[in-house]
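Quick notes on the structure that follows.
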Amino acid sequence: MVALSPLFDAILQHLTLVFTSLAIGICLATPLAIFSVFYKRVSYVVLTTINMAQSIPSFALVAIIVPLAGIGFVPGIVAIVLGSIVPIVKNMYVGLAKTDTALIDTGKGMGLTDLQIVRYVRLPLAYPAIFAGLKFSAIIANGIAVLTAIIGSGGLGRIIFEGLSSFNINKTLSGAIPAILIALSLDMIFSIAEKKLKTKSVY
């Protein structure tokens, strides 16, 4: 088994990898999705690019990062962001683009600018779709965070791979079980948030 202190440190580092990547992904996805709604050319480029990125296996993506960004914690973040941003962009774009045109016309009639319509009309109605994308992205990020241990990012993946390389089942499980619990917790948290937002959107 792994001592508790190093295990807690690994869990904290793993969570930092996941949530830092999610935060960066949201910051990148938001302007991409918004511009895609208003400009067809941007939409075509963005959606084509992320669809291509989605087809790249996670392990291959992590391997590609090494010659581009090196090894360590930051390259691990880069790999996780690239691997998990697709659901955020797609769901945010779909949620924003499929807003009822009648509501948009009403907003324009009240004198709202396009950005104000995005903020007060499109975004509130898109929240359920956005959170569904965030849930999927968080689970993907959790899985890729384990893989990035092979390029020196640390976290629970390091414990898992150390256990596998030494045929130490207990050590492998010490890293794998928390990673699984984190994935289940992320799924539950975002599912609850998604259901609450869907309920609010109905009313």
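Descriptive notes on the structure:
Listed here are the residues, each with its yes/no results for (1) of a type outside the set (Ser, Thr, Tyr); (2) over 29 Å from ILE189 (Cβ atoms).
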position	(1), (2)
GLY70	yes, yes
VAL86	yes, no
THR99	no, no
LEU115	yes, yes
ALA141	yes, no
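- Subset of the range 66-120 [among the small types (Gly, Ala, Ser), over 30 Å from ALA145 (Cβ atoms) and either exposed (fewer than 13 other Cβ atoms within 10 Å of the Cβ) or in contact (Cβ under 8 Å) with a residue 40 or more places away in the chain (or both)]: ALA97, ALA102, GLY109, GLY111
- Leading residue by the ranking (nearest to ILE26 (Cα to Cα)) among those in the range 125-142 that are surrounded by fewer than 20 Cβ atoms within 10 Å (Cβ to Cβ) and either aliphatic (A, V, I, L, M) or over 20 Å from the mean Cα position of the chain (by Cα) (or both): ILE139
- Being out of contact with any helix residue (DSSP H, G or I) (no Cβ under 8 Å at 6 or more places or on another chain), under 19 Å from LEU15 (Cα atoms) and either free of Cβ contacts under 8 Å to residues at least 60 places away in the same chain or part of a helix (DSSP H, G or I) (or both) holds for only one residue in SER174, SER137, SER185, and it is SER185.
- Meets criteria (over 23 Å from ALA60 (Cα atoms) and within 14 Å of the chain's Cα centre (by Cα)) for PHE167: no
- Helices (runs of 4 or more DSSP H) contained in the range 12-98 and holding at least 3 residues of a type in the set (Ser, Thr, Tyr) and out of contact with any Cys (no Cβ under 6 Å at 6 or more places or on another chain): 40-54
- Within the range 1-49, considering residues that are within 16 Å of GLY157 (Cα to Cα) and β-branched (Val, Ile, Thr), the one surrounded by the most Cβ atoms within 10 Å (Cβ to Cβ): VAL18
- Per the conditions (1) at pLDDT 85 or above; (2) of a type in the set (S, T, N, Q); (3) under 23 Å from ILE150 (Cα atoms), the sole criterion not satisfied by SER55 is (1).
The values are calculated or read from the model by the stated rules, or taken from the named source; none is laboratory data. Computed from a predicted model, the values in this text were never measured in an experiment. Note that we place each Cβ from the backbone using ideal geometry, even for glycine, and neighbour counts take in every protein chain shown.
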